Structure formats: C-alpha cells, structure tokens
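*Asks:* Got a structure for you, written out below as structure tokens; questions coming shortly.
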Amino acid sequence: MKKAVGCTTRRLSGLVLIALLLVGCSENDRPLEPPVRFEGNIFGTFYQVTIMDPLTQGESLKLEEGFLAELESVDQAMSTYRDDSELIAFNEAPLDEWQPLSNELIEVLAISQSVAEASHGAFDITVGDLVNLWSFGPGARPEEVPADDILTEKLAQVGFDAVEVDSQKMQARRIRDVFVDLSGVAKGHGTDRVAAYLDQQGMEHYLVNIGGELIARGLRDEQAQIPWQVGIEVPEDGQQRAQHILPLANMSVATSGDYRNYFEVEGERFSHTIDPRTGRPVTHQVASVSVFHPSNAWADAWATALLVVGEEDAMQMAIENHLKVLLLVRDGEQWRSIVTPEFVNYFGETLVNELGIEQRRTPTSSSPATASPAPADPSVTGE
Ligand code: ADP
Ligand code: MG
C-alpha cells in the first residue's frame, strides 16, 4: 500500500513536471514585440539596451544574461569602487615591477595612454588621488576644497608617464606612486563590450546606452528605414532638453559635461573632470563635448580630454586628430554649438545648417555665434 501510494505520487509529480516544462517551453518560445528593452544600474550609473531584432522570450533572457556578464567582467577589471578589482590590485602592486594583466585591462590602459599622449596629458588616468581629494572617488566625500599643500603634493606625482604599458607582453607597471583611475573611459569600454557581444549573437538593430555613452547599430525601424536618433542634451540644471537631435548609424557617441556630477561650495561649482595641469576641476565656458567615434572607449576618453582643455584647444586637438566633435559653449544666457570639419563631413552640410551649428574649419578662425534652435521634440535624450 505504502509502495503504491509512493508510486502514484512519483507518477503525478512526473506529470506535473512535464506540464511545467511544456508551459516553460512555450513561454520561452513566445515572440516578443520589439523594441525589447533592458534597463538597470552599473558603474554607478544606468544602462539601457534596446533591441529591434525579432526575439523570443527565451532568447531575450539569454541575451540579457550574456551582456550582464560582459558588464560584470568590465567592472571586475577596472572599477575603483570594489576592493577585489584587477585595477585595485594593480594600484597596490609594488612600484617598478611589471604586472601581468588581463587582455581587457591592457586594452583600456593602452587606449588611455594613446589619448593621454595625443591630448598632451589632458586625459590622464593618473589623476586618481586628485579625483579622490576632490570627493569624486570611491572614498570619503567631504565635498570641500582640498588644502593647497595636499593638492601640490599629489599633483607632483601625476603624469601619464608614471604608468608603462607593454601590450605585447600583456603587462604594465607604475613607476611613481599614482592611483590609476579608469572611470573616464570605462563606461565607453563597457558600451563597446556590450555591442560586441550583441554583434556576436547576430543582433543587427540595437542601441546601447550606458550613462549617456551610446552605440547604435542598424536602424530604429528597418521597414520604414528610420535611423536611431540621439539627443545632445542642453546643459541646464534640473532639465533634460535636447539641443540637437542627430541620427546615429553604426556609430558611437560619448558626451562629457560639467553639469551632471559636481558639488558647490559658496556658489562655486566643482565638476568631476580634473585638469591634470592644475590639479583642479575644470572651469570654463565649454559646458559639454560630444565625440562621435566607432569605438566608444576612444570617444569617452577624448570627450573627457577635450572638456579639460577648453574651447580653442579642444577644437585644435579635435581637428588635428580628425575627430567628429560637437561642443556646446556657454555664451551669456545662450548656447553656441561648434563642430569640426569631420563632423560636417559625416553628418552633411545640410543637417549642420538646418541645426544652425557653427562650423570651425581651422583651429583659429571663429565665425560669429549662432543661436541654435530647439528641436521639435525636446524630450528625446537617448534615442
Ligand atoms: P563624463 O561623462 O562627464 O566625461 P566620465 O565618467 O567619462 O565623465 O569621466 C569622469 C571621471 O574620469 C571622473 O569621475 C574621474 O574619475 C576621471 N577623471 C577626471 N578627470 C580626468 C582626466 N583629466 N583624465 C582622465 N580621467 C579623469
Ligand atoms: Mg569620459
């Protein structure tokens, strides 16, 4: 009797299991209506992945798992906010000794050093101690102006020549006691990694947005041939308004601004971008820099570099380095938008003129300011 009951129970639970599996299967096979969107938080900011390719529920779950693993691996390699990251171990390793590092840390260090060189040190990953002093690092946040003597002491160590990278042997070392901070390039690299993963999974139409660093692939609407669109945000407090809306096709964009991450002391604003020449947060009329580049890591690093140096030098560097750049510059109560020739070549004269954007052909020639008209739908910022 006992045995029979046991047997029936087993048979029943087997049937329930099969039924559950069937329900599970059909749920997984259910086609999803595009856009399929994933959202969450990473690197102290948000991520948003929007996919227009046809996907089933099961495929979408697998994709999410896959790109989250990519983001976790970037965080594990280069976060300064977790004690167990590879970058923290590198920062704690003895000076002068070569450290074997992962592919991805070497790749991002190498990009950082290239942009540092090309920007004459405006982008400089050795600013970590200064970032921390100014309350923008992982440590305490006193949100006050650091004392001059500490600033001078830390600044004396800063300089990208304090880090040597050997990409062949996959190793790097610090030759001065600097704290390497990759936060100015990591979001961009993370965006690249997610895009590479989606490409590898056969996705053809998607938009990846990590904290405002974006990559678009394919089209927003393939049937109607509508591209992805990005809004370049106007840098005003408490508002999200797009100053310009641009099509983005198989391209990435990174924007650096002085208006998002900052603190104020007695009415003076201190932003999280540090000028490595002075050791102080940048203060000038350039409110935001957007760099369009096939690689978002390069775009991210360059956007930070160009924000550091100010309007004239930013335009000169951008032109010398053939970058597609849009600057938003404060001009009294107005904004001026200035772009490089590469930007005009890429987006076309017609669009640039329609948007009322000033073109800068040579580093020194400056045409009169033009006020930029607000676009019809000012709320768009991500797509
Ligand atoms: P934004 O999107 O405003 O450019 P990012 O997150 O790209 O901001 O970069 C800002 C971060 O980069 C700072 O929080 C700091 O950790 C680091 N950083 C600040 N100044 C520099 C600099 N001159 N070069 C490289 N990294 C910097
Ligand atoms: Mg950056």
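The values are calculated or read from the model by the stated rules, or taken from the named source; none is laboratory data. Here the structure is a predicted model, which is why all the values come from computation and not from measurement. We place every Cβ from the backbone using ideal geometry, glycine too, and count neighbours over all the protein chains shown.
*Asks:* Residues that are touching a strand residue (DSSP E or B) at 6+ places or on another chain (Cβ under 9 Å) and more than 13 Å from ligand 1 (Cβ to nearest atom): which helices (runs of 4 or more DSSP H) entirely in region 68-160 hold 2 or more of them?
*Replies:* 86-92, 103-118
*Asks:* Moving on. Do you know which of the residues in region 173-187 that are among the β-branched types (Val, Ile, Thr) and within 25 Å of the chain's Cα centre (by Cα) is farthest from ligand 1 (Cβ to nearest atom)?
*Replies:* Val178
*Asks:* Let me ask something else about it. Any chance you could count how many residues in region 345-355 are in a helix (DSSP H, G or I) and more than 23 Å from the chain's Cα centre (by Cα)?
*Replies:* 7
*Asks:* Oh, and also: Right, Ala195: within 16 Å of ligand 2 (Cβ to nearest atom) and buried (at least 22 other Cβ atoms within 10 Å of the Cβ) or not?
*Replies:* No; evaluated as a whole, the condition is false for this residue.
*Asks:* May I pose another question? Any idea which residue in region 108-128 is surrounded by the fewest Cβ atoms within 10 Å (Cβ to Cβ), counting only those that are more than 16 Å from ligand 2 (Cβ to nearest atom) and not small (Gly, Ala, Ser)?
*Replies:* The extreme case among them is Glu117.
*Asks:* I've got another one for you. Does Val178 satisfy being under 23 Å from Arg82 (Cα atoms), more than 16 Å from ligand 2 (Cβ to nearest atom), touching a residue at least 12 places away in the same chain (Cβ under 8 Å) and part of a loop (DSSP other than H, G, I, E, B)?
*Replies:* yes
*Asks:* Can you go through Glu65, Glu143 and tell me which one is in contact (Cβ under 8 Å) with a residue 12 or more places away in the chain and surrounded by fewer than 16 Cβ atoms within 10 Å (Cβ to Cβ)?
*Replies:* Result of the check over Glu65, Glu143: Glu143.
*Asks:* Could you say which residue among Ile338, Ile319 is of a type in the set (A, V, I, L, M, F, W, C), modelled with pLDDT of 90 or more, touching a strand residue (DSSP E or B) at 6+ places or on another chain (Cβ under 9 Å) and surrounded by fewer than 19 Cβ atoms within 10 Å (Cβ to Cβ)?
*Replies:* Answer to the selection: Ile319.
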